Amino acid sequence: MNPLLFPELSSDVEGHVYQDRLYLFGSRDAVEGSKFCQEDYHFASAALDDLEHFSSILSYQKKDDPSNKEELLSLWAPDVVKIDEDYLLFYCLANYPRLGVAKSKKPQGPYTFIGYVRHQDGSYYGKGNDELPFDPALLYEHGRLHLYSGQGIRDSEIESHGGKNKGPLKHYLLSKDGLTILEEAKEVLMDKISART
């Protein structure tokens, strides 16, 4: 089984090795879908010594997010990070101003919703002056949890239709449980790149 092409198309995949297995965490596109990321998360894994045989399970459903019980919003590309004995899934719903966190004891899941990332004042990350949460990436090292979110460039199409901007790639330092921003955003990539002549 090719985990990137079957049974649905995986996109924006993050690969991690946990317990001698390669895990692939990504959004899922329906084969004949009308838009991206229409499917629930099905995370694939394979033993490092047998990368021809992947297994895949239903890991998290759109309706598992309490703001999406009617499954109207797609699940954009996620990431998973291991902290102590837990695995934390970070994800965002399509054009929705919150970043969700779910937890599992196993890398493949299933995952259970535990909350949304918030600023220290209790407001949701993604509200107010924040850019729209987009395709999070996580790094946990030396007891510090780093969140990267954004697409690195402005999305003029979204802006021109009055939508919220995904914005430049930014770095945040999170609490160990993943739910609170301890250090506010630092821009990682330039918002505008000027051509050299």
Mind listing the phi-derived Karplus ³J(HN,Hα) values for the stretch 65-71, rounded to whole Hz, using 6.51, -1.76 and 1.60 with θ = phi - 60°, and x for any glycine or proline? 7, x, 8, 9, 4, 8, 6
For PHE134, PHE54, what ranking results if the residue with the fewest other Cβ atoms within 10 Å of its Cβ goes first? PHE54, PHE134
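For TYR41, TYR148, which order do you get if you count the other beta carbons within 10 Å of each Cβ and list the fewest first?
Working: TYR41 29, TYR148 16.
The order, fewest Cβ neighbours first, is TYR148, TYR41.
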Whole-Hz couplings from phi, Karplus 6.51/-1.76/1.60, listed for the stretch 17-27; x for Gly and Pro: 9, 10, 6, 6, 10, 8, 10, 10, 10, x, 6
For THR180, THR112, which order do you get if you count the other beta carbons within 10 Å of each Cβ and list the fewest first? THR112, THR180
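Counting only other residues whose beta carbon sits under 15 Å from that of LEU139, what net charge do I get with K and R as +1, D and E as -1?
On the way: positive: LYS82, ARG144, LYS170, LYS176, LYS186; negative: GLU14, ASP79, ASP135, GLU141, GLU183.
Result for the neighbourhood of LEU139: 0.
Each reported figure results from applying straightforward, stated rules to the coordinates on display, with no laboratory input. All of these numbers come straight from a predicted model, not from anything done at the bench. No Cβ is skipped: glycine too gets one built from the backbone with ideal geometry, and neighbour counts run over all protein chains shown.
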